[in-house]
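Novice: Can you keep this structure in mind? I'll have questions shortly.
The values are calculated or read from the model by the stated rules, or taken from the named source; none is laboratory data. What you see is a predicted model; the values in this text were computed from it and never measured. Because the Cβ atoms are built from the backbone with ideal geometry, glycine has one as well, and the counts that use them run over all protein chains shown.
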Amino acid sequence: MRKPHALCLPFPTQGHITPMLHLAKLLHSRGFHITFVNTEFNHHRLIKSAALDPTAQMDGFMFERIPDGLPAQEINATQSIPELCASVTKNCSAPLRQLVMRLNGERGAGGPPVNLMVRDAVMICGQKVADDLNIPDVVLWTMSTYTMMGFFQFEELVRRGYTPFTDATQFSNGYLNTPVDWIPSMPDICLKDLPTFFRTTDPNDIMLNLCIQIAHSLPKLSAIIINTLDELEHEIIHATATSFNFKGPSYAVGPIYQLLQIQLPQSQLHSTIKSNSNLWEEEMGCLDWLDRFDPASVVYVNFGSITVLTPEQVKEFAWGLANCNHPFVWVIRPDLVSGESAVLPPSFVDQTRERSLLAGWVPQKQVLGHPSIGAFLTHCGWNSMLESICSGVPMLCWPFFADQVTNCRNACQLWRVGLEMESKVRRDEVEGVVREMMEGEKGKQVKQKVGELKVSARKAIEMGGSSHSSFEKLVNDLRVMKR
Ligand code: UDP
């Protein structure tokens, strides 16, 4: 049988590239030839952060790049998500098609002919190329299945007149507390719990329309791979596939990074594929710093790769952390704060010097796995949430936008592994919620719950577990999958 060749096309942000790279490494370890496609912009960032060595030779695993269509930018600047979405949707099909033609024309050098598209759901451009080539169109869904169900509701929200908003006051006047009672397997939710991309007054809003387009594309796919685990989302996985009549099967194979760790020991992984996906260089020193603290005594604060805070929000978080008196690691990306860069008051730095570490980018999974970490103040990105659960670390949830509000709702109300924070950042609330988590009764309860989920997540990726079995089935099915 000819070696399968998967073209892996992530959406070009950190939280989407990482699970795609992990999936690509897993497929490669099972004999698939891989072409992994980054944008030019991210390709340069990966080289700068030492994640990618462009001179390294890797057997059957190639990195390629295409332009994202946006004007050249400072390498450290986070790109605007709506602009990036609009640009890749409009501009990436043609270079992608050319890339595939080149790969298929360069027999030998380009590997066997590309016969599988494995793309992010947001990369609709990949669908067109898969259609042209008549190859299976497979999506890696990098968010939760609850988020997928949320995307499926956007057209209904428009039909029922919930969006576009009639005026700007609906963003803040309690309108978002309107109950939404028709969604299968999502009882007791409100508008505020759905992914935020429907919150617009503009009927032509890029994100609203892209989410509707994505929802339309999912049922037609050859298959959907979901970075989740059945133990967390059993009902909703089933409800989504049956309610929307999926043509292809879905595979819950998450957390993919854990599956990769268990299936491919580090030594084996590094001898073949030396690259990782960090768009910023990791500061490893934080792990030694953590060694000096008692178990479960340090608060880890990280808002992911896209969130941008106002200087005011930073100050409120800073004083909340200073006043709670617990040690903390706080990751402040070079582009985390809008406007001025030096926003931390000198007195805050002096006051917390002995018990705080400020870093630009850390090895998050290792930090969360460090015994000193007692809680994670997070923006509720799906990867961060899975990583926290897998490490048994309870969360202080401060969602910023997108699917993070849905993740926050589930973490705090459904799985009960987190405590929710108000969206307006106030230092006394930050202090109070950190103390409640580290010292209080509610903290004890969520710690116990997240400990239980950690065990379930571990079982899921071990031999015979739900994600492990789904992955085995996925590999077998992909080898023979046709349109
Ligand atoms: N991450 C990291 N170091 C950092 C900050 C983030 O390794 O200092 C990783 C984190 O482990 C996660 C990803 O970046 O895998 C962020 O994805 P997530 O879905 O949590 O949030 P997003 O950045 O997409 O908002």
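Novice: In the stretch 308-317, is there at least one residue being touching a residue at least 24 places away in the same chain (Cβ under 8 Å), under 22 Å from residue 385 (Cβ atoms), more than 22 Å from the chain's Cα centre (by Cα) and surrounded by 14 or more Cβ atoms within 10 Å (Cβ to Cβ)?
Specialist: yes
Novice: Let me ask something else. Could you grab the pairs with beta carbons closer than 6 Å, sequence gap of 6+ or different chains, first residue in the stretch 391-402 and at positive phi, second one modelled with pLDDT of 95 or more and of a type in the set (Val, Ile, Thr)?
Specialist: Listed by first residue and then by second, the contacts come to 392/450; 402/196.
Novice: Of all residues being within 26 Å of residue 124 (Cα to Cα) and touching an Asp or Glu at 6+ places or on another chain (Cβ under 7 Å) in the stretch 156-200, which is surrounded by the fewest Cβ atoms within 10 Å (Cβ to Cβ)? Just the residue, please.
Specialist: 164
Novice: For the condition at pLDDT 95 or above, of a type in the set (Val, Ile, Thr), assigned to a helix (DSSP H, G or I) and within 12 Å of the ligand (Cβ to nearest atom), what is the one hit in 367, 362, 405?
Specialist: Within the list 367, 362, 405, the selection yields 367.
Novice: Look at the stretch 387-405 and say how many of its residues are closer than 13 Å to residue 369 by Cβ and buried (at least 24 other Cβ atoms within 10 Å of the Cβ).
Specialist: Matching residues across the stretch 387-405 total 4.
Novice: With 354, 436 as the choices, which residue is under 19 Å from residue 293 (Cβ atoms), in a helix (DSSP H, G or I) and free of Cβ contacts under 8 Å to residues at least 40 places away in the same chain?
Specialist: 354
Novice: I would also like to ask the following. In the stretch 158-203, which residue that is among the charged types (D, E, K, R) and at pLDDT 95 or above is nearest to the chain's Cα centre (by Cα)?
Specialist: Among those residues, the one meeting the criterion is 193.
Novice: In this structure, is residue 329 free of Cβ contacts under 8 Å to residues at least 24 places away in the same chain and either within 16 Å of the ligand (Cβ to nearest atom) or surrounded by fewer than 20 Cβ atoms within 10 Å (Cβ to Cβ) (or both)?
Specialist: no
Novice: Determine which member of the set 50, 24 is exposed (fewer than 15 other Cβ atoms within 10 Å of the Cβ) and either within 21 Å of residue 362 (Cα to Cα) or of a type outside the set (Phe, Trp, Tyr) (or both).
Specialist: Sole residue among the options that is exposed (fewer than 15 other Cβ atoms within 10 Å of the Cβ) and either within 21 Å of residue 362 (Cα to Cα) or of a type outside the set (Phe, Trp, Tyr) (or both): 50.
Novice: Ok, one more. Just one of (1) more than 16 Å from the ligand (Cβ to nearest atom); (2) in contact with a strand residue (DSSP E or B) (Cβ under 8 Å, 6 or more places away or on another chain); (3) more than 22 Å from residue 281 (Cα to Cα) trips up residue 71, so point out which.
Specialist: Answer for residue 71: the failing condition is (2).
Novice: Any residue that is more than 9 Å from the ligand (Cβ to nearest atom), at pLDDT 95 or above and over 21 Å from residue 285 (Cα atoms) - is there at least one of those in the stretch 335-352?
Specialist: no
Novice: Any idea which of (1) part of a helix (DSSP H, G or I); (2) closer than 21 Å to residue 42 by Cα is the one residue 307 doesn't satisfy?
Specialist: (1)
Novice: Spot the failing condition for residue 300; the list is (1) more than 21 Å from the chain's Cα centre (by Cα); (2) more than 30 Å from residue 9 (Cα to Cα), and only one is missed.
Specialist: (1)
Novice: I've got another one for you. For the stretch 269-307: of the residues being within 11 Å of the ligand (Cβ to nearest atom) and aliphatic (A, V, I, L, M), which is modelled with the highest pLDDT?
Specialist: That would be 301.
Novice: May I pose another question? Inside the stretch 389-428, can you point out the residues that are among the hydroxyl-bearing types (Ser, Thr, Tyr) and within 26 Å of residue 80 (Cα to Cα)?
Specialist: 406, 423
Novice: Residues being touching a His at 6+ places or on another chain (Cβ under 9 Å) and surrounded by fewer than 19 Cβ atoms within 10 Å (Cβ to Cβ): count how many of those fall in the stretch 346-386.
Specialist: 1
Novice: Taking the residues in the stretch 114-157 that are aliphatic (A, V, I, L, M) and within 16 Å of the ligand (Cβ to nearest atom) as candidates, determine which candidate is nearest to the chain's Cα centre (by Cα).
Specialist: Across the stretch 114-157, the extreme among qualifying residues is 143.
Novice: Just one of (1) surrounded by 23 or more Cβ atoms within 10 Å (Cβ to Cβ); (2) touching a helix residue (DSSP H, G or I) at 6+ places or on another chain (Cβ under 6 Å) trips up residue 427, so point out which.
Specialist: (1)
Novice: Return only the number of the condition from (1) part of a helix (DSSP H, G or I); (2) at pLDDT 95 or above; (3) not β-branched (Val, Ile, Thr) that residue 396 does not satisfy.
Specialist: (1)
Novice: Quick one: which residue in 386, 357 is within 16 Å of the ligand (Cβ to nearest atom), at pLDDT 95 or above, of a type outside the set (D, E, K, R) and under 22 Å from the mean Cα position of the chain (by Cα)?
Specialist: Exactly one of 386, 357 is within 16 Å of the ligand (Cβ to nearest atom), at pLDDT 95 or above, of a type outside the set (D, E, K, R) and under 22 Å from the mean Cα position of the chain (by Cα), namely 386.
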